[in-house]
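Here the structure is laid out as structure tokens; the discussion comes afterwards.
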Amino acid sequence: MSDIKAMLGGLSVEEFLEKYWQKEPLLIRQALPGYQCPITPEELAGLACEEDVESRLIMEQGGATPWQVEHGPFAEERFTNLPATHWTVLVQEINKHVPEFALLQDRFSFLPNWRLDDVMVSYAPEHGTVGPHADNYDVFLIQGAGHRRWQINRQEPSDDDLLPDLPLKIMKNFQVEEEWVLEPGDMLYLPPGVAHYGVALDDCITVSVGYRAPTLGAILSGYIGDALAQFDTDVFYRDPDLKPQDAPGEIALDAREEFRELIRSLPMDDERIDRWFGSYITDVRPGHFVPEPAEELRPKKFKDEFKKHGELWRSEYTRYAHFTDAAGVTRLYVAGEEYEMYGDGPKVAQMLAGQRVFRYKELLPYLDDKDLLELLTDLYNLGALYFPED
Ligand code: SIN
Ligand code: CO
């Protein structure tokens, strides 16, 4: 059985997509047999104390009020003063900080990378939980260590079914429809909107591989905002050839036609839409940043350094995507920037956007191409590629 089929509990990718993806929860016992969680609770708490790491501490009990939420970075002492039970610490985007979690995402390469969001890891002692809730996104919940009881209900909670005045969305009346106890290596897939309630039964680590989907509003307003940039939007409407009209309340055909024309002049061609989406979906999100290398390199030096290190890694701070347009031009998008790829470029675009680790030998055949070497050097200087020890 292929690795992916085994991870999907014997289902083919086609079967999983058809029956479960975005539709039905799926529990897969031993999706990752022998899974060794790459982080200990102490290391996770350590990360939650670091700058530039997004973390939260949620205490159902033992805080000033029930369901207290605190945001990191935390002082180390915070973790020495916690009760024995009923709390959870969560670290978002842990794929940026722990390479094993970056590589874990590769196991999900049967789904498009642009849909992937991040990996989040939580640690909770007995009774730790973030409460019953539903998310807007698909998630694969992998049991990393210990045991968690997951209860679900396919019914999406309504807004009046939430506990009032809390910094978290927690359901008031969660009804259990199905439940399982997950052991290390087990995985639960949840589509958006399915209510779920996970409670730690002992020292428990849960790894969430989360997917994202932009709202239709974000897509439309993003596209239109971008298209508007080519208009002089400060120019006021003028009608120097206004014709007399009998009914002053009427919006005359001349004026209506002018507005129709203005609105239809928004560029809507396939190429523009596709190229906009490539930039939009790979763009660095507001409030996020891409760490740059300590030293900018020139192409020759970049090649020497690559040879010395033997490996080049794709930064988890940047997103990559590519497509080939109707005219046959392959376009690579990295952190919102577009690169047209010629010659062996399409192959390289596919590698860059599809893998996380590149061996020197693997990319060597392309390093003699001046344009490709320059592109890789640019991506390195941007912080979108790095050498592992950097
Ligand atoms: C957790 O890891 O405790 C929460 C994950 C989730 O509910 O999505
Ligand atoms: Co959730």
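Which one is farthest from ligand 1 (Cβ to nearest atom), of the residues in region 165-211 that are out of contact with any Pro (no Cβ under 6 Å at 6 or more places or on another chain) and among the small types (Gly, Ala, Ser)?
Among them, the one singled out is Gly193.
List pairs: first in region 130-159 and without any contact (Cβ under 8 Å) to a residue 40 or more places away in the chain, second outside any strand (DSSP E or B) and not hydroxyl-bearing (Ser, Thr, Tyr), Cβ under 6 Å, 6+ apart or cross-chain?
Note: pairs meeting the criteria are Glu156/Ala134; Glu156/Gly193; Pro157/Ala134.
From Glu50, Glu18, Glu60, which residue is within 23 Å of Ile152 (Cα to Cα) and loosely packed, with under 15 Cβ neighbours inside 10 Å?
Only one candidate passes the filter, namely Glu18.
Residue-by-condition table, conditions (1) of a type in the set (Phe, Trp, Tyr); (2) under 23 Å from Asp118 (Cα atoms):
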position: Phe302; (1), (2): yes, no
position: Tyr333; (1), (2): yes, yes
position: Met351; (1), (2): no, yes
position: Leu379; (1), (2): no, yes
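At least 2 residues that are over 16 Å from Phe140 (Cβ atoms) in each: list the helices (runs of 4 or more DSSP H) lying fully within region 1-50 that qualify.
By residue number, 13-19, 41-48.
Examine region 356-379 for a residue that is outside any helix (DSSP H, G or I), acidic (Asp, Glu) and buried (at least 18 other Cβ atoms within 10 Å of the Cβ), and state whether such a residue exists.
Within region 356-379, none of the residues are outside any helix (DSSP H, G or I), acidic (Asp, Glu) and buried (at least 18 other Cβ atoms within 10 Å of the Cβ).
Hey, could you check region 303-351 for residues that are outside any strand (DSSP E or B) and of a type in the set (A, V, I, L, M, F, W, C) and say which is farthest from the chain's Cα centre (by Cα)?
The qualifying residue farthest from the chain's Cα centre (by Cα) is Ala327.
Just to confirm my filter: which strands (runs of 3 or more DSSP E) fall fully inside region 130-241 and include at least 3 residues that are at pLDDT 95 or above and within 13 Å of ligand 2 (Cβ to nearest atom)?
Ranges flagged: 139-145, 148-153, 187-190, 195-200, 204-211.
Being more than 8 Å from ligand 1 (Cβ to nearest atom) and either among the small types (Gly, Ala, Ser) or over 27 Å from Val199 (Cβ atoms) (or both) is the filter here; which residues of region 117-131 pass it?
Gly131
Which number in (1) touching a Gly at 6+ places or on another chain (Cβ under 9 Å); (2) without any contact (Cβ under 8 Å) to a residue 60 or more places away in the chain marks the one condition that Gly9 misses?
Just one mismatch for Gly9, condition (1).
Considering only region 74-102, state which residues are within 16 Å of ligand 2 (Cβ to nearest atom), farther than 16 Å from Pro38 by Cβ and in a loop (DSSP other than H, G, I, E, B).
Gln92
Within region 261-278, identify whether any single residue is under 26 Å from Leu228 (Cβ atoms), of a type in the set (Val, Ile, Thr) and in a helix (DSSP H, G or I), and answer yes or no.
Among the residues of region 261-278, at least one is under 26 Å from Leu228 (Cβ atoms), of a type in the set (Val, Ile, Thr) and in a helix (DSSP H, G or I), which makes the answer yes.
Only one residue in Glu271, Glu250, Glu258 is in contact with an Asp or Glu (Cβ under 7 Å, 6 or more places away or on another chain), outside the structural domain of Pro33 (by TED's automatic domain parsing) and more than 16 Å from ligand 2 (Cβ to nearest atom), so which one is that?
Glu271
The values are calculated or read from the model by the stated rules, or taken from the named source; none is laboratory data. Note that the structure is a prediction, hence the values are computed from the model and not measured. So basically every Cβ, Gly included, is an ideal-geometry build from the backbone, and we count neighbours across all protein chains shown.
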